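One structure is given below, encoded as structure tokens.
The values are calculated or read from the model by the stated rules, or taken from the named source; none is laboratory data. Bear in mind that the values here come from a model prediction, so they are computed numbers and not experimental data. Cβ placement follows ideal geometry from the backbone for every residue including glycine, while neighbour counts extend to all protein chains displayed.
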Amino acid sequence: MGNNISLLLVVVPLIAAPVVAVLPRGRLPWAVALVVTFLCVLFAGMQLWGVLNGGMISYELGGWAPPWGIEYRIDAVNAFVALIVAGIAAVTLPYALLSVEKEIPEDQIPLFYSALLLCLTGLLGITQTGDIFNIFVFLEISSLSSYALISLGRKRQALTSAYQYLIMGTIGATFFLIGVGLIYSQTGTLNMQDLTIRLPEVIHLKTVNTGFAFIMIGVALKLALFPLHLWLPNAYAYAPSVVTVFLAATATKVAVYVMLRLLFTVFPDSFVLATHAKDLFIVAGIAGIIIASIYAIYQRSVKRLLAYSSVAQIGYMVLGIGFASATGVTAALIHLFNHALMKGALFMAVGAIIYRVGACHMKDIHGLGREMPWTFGAIIIGSMSLVGVPGTAGFISKWYLVSAALEQGAWISVAVILFGSLLAVVYVGKVVEALYFKPVTESGRSATEAPLLLLAPTWVLVFANIYFGLDTELTVGVAEKATAILGVVNP
Amino acid sequence: MDFFTDHYNYWVVIFLMMVGLYTVISRGNLIKKVIGLNIFQVSVFFLYISIGTVEGGAAPIITEGVELYSNPLPHVLILTAIVVGVATTALALALVVRIKESYDTIEEDEIHELDHTL
């Protein structure tokens, strides 16, 4: 096996996707997709284990030596992100069975799982590859399949939000492509390791600087960095529940990884520290935390509220990147992992409510917390993690983020992080109020607790939120190791 | 003057890029937006192909007596990007068809109005 695992991680879901599409209706497509995602977790786990114990993995596709051939280059950073993506996929799939049967027309179910596997392929591919053009290709594989997945939502607004995402996503990807072309024209290479060596010689050229700007804007669009987040709230709000869970927990995380990789591995540190890019990230991060949180407070749909909260959480990650210090990047990586856990759990719990009552507007969920205690419990613990209550995973991310800010004496950032948590208390408080303290509606009285198949994956993520809030060895350990590999040091 | 004539293909690229992006932003018709997106993407294809040119280089097909070839790699990359572009356009048009079926219009402002009243 050895290095082949890294390739199998991408190839297995890629080959499974068309197979699933032609399977007969019924539960067989789901079962195949489930097995594939479990295999992916196994591969990703073995890969991270291998990287942590044996060092970097390099796989040459088709035996063509880099920098000419495409190389999969795995170190602790991408192995960590790949495990997050595969792990979330494996938790989402058991959850998908009932939720998808309820929300997607029966004849489209095989195609749905096929698109989900393609999306997984793209996201895993981005993490695995060491070739910058290959990132663009995988980015488009994951994006195109997610446009299709979002458009499958039950309301017709799903179509318009998928269209809006398609337009903005394609502009983002094309910006990325322009940047890659400009940098290729000056360095003659696409291999990221090779770029690290060749870029310092040409870094002063305007072409390279322009390329850097195009790439960063392109990635920021994919990342939904404030103020380029306009596609995200609608896309998350109207997509089928399973798609929201999967995308919220993985897609933006992978874009954060691309940004980290490019900023700290590909481009020379001296260049990144000298440009105003990091100041821009801090400003965008701060604006995102405050403005998106305030928007979240005023939402009337729980899914939209959580989507705006996602934009705010991305602000925290970008703030960590903007500090450009080891602690800051470690905090960004930890939050990347923890946010996948908390948003995964919350969107799953909301999906369970949609499964029972068919809607997630504030007025539709009145009093449901008493009818669905386990779902309500998951929302409570997920919300606590989102706010950053000690004992939950969210606290660990906030702790590291505040430490990174204090290290640099960035008092405004510290204040913003704390104020953002306060705003989070307000918006999750609104959900809890509607769920528990409002009298139950006529239609809600008949609602019963969600089926076990929906609750079990939700609670797996809820327990993960508590576990990683108490035992930080894995998250912090891997994040620190990854930061060291990215070569970020405290200035 | 030479600055303009020597790099005329890049001027074409910039012009097309701006036309495409402006069309995407300014038009309310969903089909026109897709067309704008296509023009924008095509300008990037031109950019890549221009980058691949080597002054005095022949087409990158091995022939006797030719020493200097243009760089074929950007051409190959752009083949991939063209495929991606075709897929994006197909998906976008499919979405427009579905939007037309559910809203009976493909004008952005009318769609917004319909969603607010319902």
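Kindly indicate whether residue A:235 is closer than 30 Å to residue A:101 by Cα and touching a helix residue (DSSP H, G or I) at 6+ places or on another chain (Cβ under 7 Å). Answer is yes for this residue.
Scanning region A:332-360 for residues that are of a type in the set (D, E, K, R) and either in contact with a helix residue (DSSP H, G or I) (Cβ under 7 Å, 6 or more places away or on another chain) or within 17 Å of residue A:395 (Cα to Cα) (or both) turns up just one, A:343. The single condition among (1) within 11 Å of another protein chain (Cβ to nearest Cβ); (2) surrounded by 12 or more Cβ atoms within 10 Å (Cβ to Cβ); (3) out of contact with any helix residue (DSSP H, G or I) (no Cβ under 8 Å at 6 or more places or on another chain) that residue B:101 does not satisfy is (2).
The set of residues in region A:438-466 being part of a helix (DSSP H, G or I) and free of Cβ contacts under 8 Å to residues at least 12 places away in the same chain consists of A:446, A:452, A:463.
Taking every residue in region A:366-378 that is over 14 Å from residue A:438 (Cα atoms) and pairing it with any residue that is part of a helix (DSSP H, G or I), at least 6 positions away or on another chain, the pairs with Cβ-Cβ distances below 6 Å are A:374/A:455; A:375/A:349; A:375/A:352; A:378/A:345; A:378/A:349; A:378/A:458; A:378/A:462.
Filter the helices (runs of 4 or more DSSP H) completely within region A:1-106 down to those with at least 3 residues that are more than 29 Å from residue A:460 (Cα to Cα).
Output list reads A:4-22.
In region B:1-73, counting only helices (runs of 4 or more DSSP H) that sit wholly within it, the ones holding 3 or more residues that are at negative phi and buried (at least 19 other Cβ atoms within 10 Å of the Cβ) span B:8-26, B:30-52.
Scan region A:409-426 and tell me whether some residue there is closer than 25 Å to residue A:285 by Cα, modelled with pLDDT under 90 and not in a helix (DSSP H, G or I). Scanning region A:409-426 turns up at least one residue that is closer than 25 Å to residue A:285 by Cα, modelled with pLDDT under 90 and not in a helix (DSSP H, G or I).
Can you find a residue in region A:200-211 that is among the aliphatic types (A, V, I, L, M), at the interface with another protein chain (Cβ under 10 Å from one of its Cβ atoms) and part of a loop (DSSP other than H, G, I, E, B)? Among the residues of region A:200-211, not one is among the aliphatic types (A, V, I, L, M), at the interface with another protein chain (Cβ under 10 Å from one of its Cβ atoms) and part of a loop (DSSP other than H, G, I, E, B), which makes the answer no.
Here is a list: B:85, B:36, B:52. Which entry is within 11 Å of chain A (Cβ to nearest Cβ) and in contact with a Pro (Cβ under 9 Å, 6 or more places away or on another chain)? The conditions single out B:52. Take region A:295-334 and flag every residue that is within 18 Å of residue A:78 (Cα to Cα) and either among the polar types (S, T, N, Q) or touching a Lys or Arg at 6+ places or on another chain (Cβ under 8 Å) (or both). Listed by number, the residues that qualify are A:321, A:330. Looking at (1) within 12 Å of chain B (Cβ to nearest Cβ); (2) surrounded by 22 or more Cβ atoms within 10 Å (Cβ to Cβ); (3) not aromatic (Phe, Trp, Tyr), can you tell me which one residue A:168 breaks? Every listed condition holds for residue A:168 apart from (2). Identification of helices (runs of 4 or more DSSP H) wholly contained in region A:307-402 with 3 or more residues that are surrounded by 24 or more Cβ atoms within 10 Å (Cβ to Cβ) yields A:326-357, A:373-387.
Among the residues of region B:7-17, those that are at pLDDT 90 or above and within 13 Å of chain A (Cβ to nearest Cβ) comprise B:13, B:14, B:16, B:17. Report whether or not residue A:126 is in contact with a strand residue (DSSP E or B) (Cβ under 8 Å, 6 or more places away or on another chain), crowded, with 23+ Cβ neighbours inside 10 Å and either within 11 Å of chain B (Cβ to nearest Cβ) or part of a helix (DSSP H, G or I) (or both). No. Within region A:177-190, the set of residues being part of a helix (DSSP H, G or I) and either within 9 Å of another protein chain (Cβ to nearest Cβ) or modelled with pLDDT of 95 or more (or both) comprises A:177, A:178, A:180, A:181, A:182, A:184, A:185. Screening the candidates A:42, A:98, A:34 for the property of being out of contact with any helix residue (DSSP H, G or I) (no Cβ under 8 Å at 6 or more places or on another chain) and surrounded by 15 or more Cβ atoms within 10 Å (Cβ to Cβ) yields one hit, A:42.
Can you find a residue that is more than 12 Å from chain B (Cβ to nearest Cβ) and among the acidic types (Asp, Glu) anywhere in region A:134-144? No, that holds for no residue.
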